[in-house]
Every structure is written in structure tokens, then in C-alpha cells.
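In what follows, a structure is listed as C-alpha cells, so that the remarks can point back to it.
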Amino acid sequence: LFSINLPSYLELIKEFYVHILATSRVDLTTKVKNSEIAFDVPTLANILGIPREGPRGWNQRNWLINDHFDKEECVKLLFGENVDFMQRMYTRNLNLHHRFLHRVVCTHILPKAGGFDEVTHMGAYTMYHLITGKKINVPYLIINHMHVIHDRENAR
């Protein structure tokens, strides 16, 4: 019926991730078409045009612990006052607006493969900061997420 002739850079994106070397938890280097790219939080913040202010925290498996974040307050904000914050968090228990925000976080800030049924700790942490307007260091989250994805792919 119709076709869209937009350029696709899938192979370049694959090459970017295949050659990632983690020099630290906040820096990356990679090669694309034999050109080395140094990538860090300030560079990403500049590219995206967003500030790199706010707490810098990352924990893939558990809740973040810092002075500016209360996990119980976060869970109550997202899921309601009568929720047990020790239970798993599912999107079906979010209201419509929070479900939409969860999808945005899972596709644009912390992209993931598979379904969107469960809300991760980092997803909830990110959503909490976006909803409350508290500062969060999004470039730092993205860089750390890139590390996790790269490490997971290399473990296979």
C-alpha cells in the first residue's frame, strides 16, 4: 500500500553496543566504523540537552538507598496508600497515568526487552522522581543501563 523510506541504522547500533568497553561506571568507549567514541555522563547530557543534576544512584536488583529517597513513599505514590511495599510491583496495579509513564520509562529512559508487566525498582525510582519533580540524573541512569545491557549480552 505504501512504504516509508527512512534510513535505518540497526547495524550501526549493533556495532556500537558490541564494541562497548566500560572504563568506569560513568564512562564508555566504543567503536563504530573504526571510529572510537568516548561517551560519559556530561557528553550524554549535552547531546540530549538535559541537566545532569540530582542524585546519582543505580541498583539493578534492590531499592536504592540514599538520603533523598524513601522507597515506602515511592510505592505509596505509585500504587496507593494501602499497598504492601514488600510485594512485587505490577503495572496492572498502576493507575492509567502511571501506566503510561511506566511505558515511557521502559521504552525511552531504561529500555528493556520482553514484557512491561512488572515495575522494576529502577523504573519505580525513575517514575517517582519524574512525578514528584525531584531532580534525577537521567544521563547517569542511561549510561548505567547501557552498562547493564552490554554486560548481560556478553554473559550469554
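Among the numbered criteria (1) at positive phi; (2) within 16 Å of the chain's Cα centre (by Cα), which single criterion is violated by TRP58?
It is condition (1) that TRP58 fails.
Got at least one residue in segment 103-125 being touching a strand residue (DSSP E or B) at 6+ places or on another chain (Cβ under 9 Å), surrounded by 16 or more Cβ atoms within 10 Å (Cβ to Cβ) and not assigned by TED's automatic domain parsing to the domain that holds ILE37?
Taking segment 103-125 as the starting set, the residues that turn out to be touching a strand residue (DSSP E or B) at 6+ places or on another chain (Cβ under 9 Å) are 117-119, 125.
From what's left, surrounded by 16 or more Cβ atoms within 10 Å (Cβ to Cβ): 119, 125.
Applying the additional criterion that residues be not assigned by TED's automatic domain parsing to the domain that holds ILE37 yields 119, 125.
Within segment 103-125, one or more residues are touching a strand residue (DSSP E or B) at 6+ places or on another chain (Cβ under 9 Å), surrounded by 16 or more Cβ atoms within 10 Å (Cβ to Cβ) and not assigned by TED's automatic domain parsing to the domain that holds ILE37.
Since VAL148 meets every condition but one in (1) modelled with pLDDT of 85 or more; (2) closer than 29 Å to ASN46 by Cα; (3) aliphatic (A, V, I, L, M), which condition does it not meet?
(1)
Checking the conditions here, which among LYS135, LYS76, LYS71 is of a type outside the set (A, V, I, L, M) and in contact with a Pro (Cβ under 9 Å, 6 or more places away or on another chain)?
Working: LYS76 fails: in contact with a Pro (Cβ under 9 Å, 6 or more places away or on another chain); LYS71 fails: in contact with a Pro (Cβ under 9 Å, 6 or more places away or on another chain).
That would be LYS135, the only listed residue that is of a type outside the set (A, V, I, L, M) and in contact with a Pro (Cβ under 9 Å, 6 or more places away or on another chain).
Okay, residues lined up against (1) under 17 Å from TYR128 (Cα atoms); (2) aromatic (Phe, Trp, Tyr); (3) in contact with a His (Cβ under 7 Å, 6 or more places away or on another chain):
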| site | (1), (2), (3) |
| --- | --- |
| ILE13 | no, no, no |
| TYR17 | no, yes, yes |
| THR23 | no, no, no |
| ASN34 | no, no, no |
| THR43 | no, no, no |
| VAL75 | yes, no, no |
| VAL83 | yes, no, no |
| HIS98 | yes, no, no |
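Which of the residues spanning segment 57-67 are touching a residue at least 60 places away in the same chain (Cβ under 8 Å) and either of a type in the set (S, T, N, Q) or under 16 Å from LEU130 (Cβ atoms) (or both)?
Within segment 57-67, the first condition is being touching a residue at least 60 places away in the same chain (Cβ under 8 Å), and the residues that meet it are 57-61, 63-64.
Of everything in segment 57-67, those that are touching a residue at least 60 places away in the same chain (Cβ under 8 Å) and either of a type in the set (S, T, N, Q) or under 16 Å from LEU130 (Cβ atoms) (or both) turn out to be GLY57, ASN59, GLN60, LEU64.
Just the residues that are at pLDDT 85 or above and of a type in the set (Gly, Ala, Ser), please, taken from segment 115-145.
GLY123, ALA124, GLY133
Looking at segment 30-51, is at least one residue touching a residue at least 40 places away in the same chain (Cβ under 8 Å), touching a Lys or Arg at 6+ places or on another chain (Cβ under 6 Å) and β-branched (Val, Ile, Thr)?
Checked segment 30-51: at least one residue is touching a residue at least 40 places away in the same chain (Cβ under 8 Å), touching a Lys or Arg at 6+ places or on another chain (Cβ under 6 Å) and β-branched (Val, Ile, Thr).
The values are calculated or read from the model by the stated rules, or taken from the named source; none is laboratory data. Remember, predicted model here, so these are calculated numbers, not experimental data. Neighbour counts run over all protein chains shown; Cβ positions are idealised from the backbone, glycine included.
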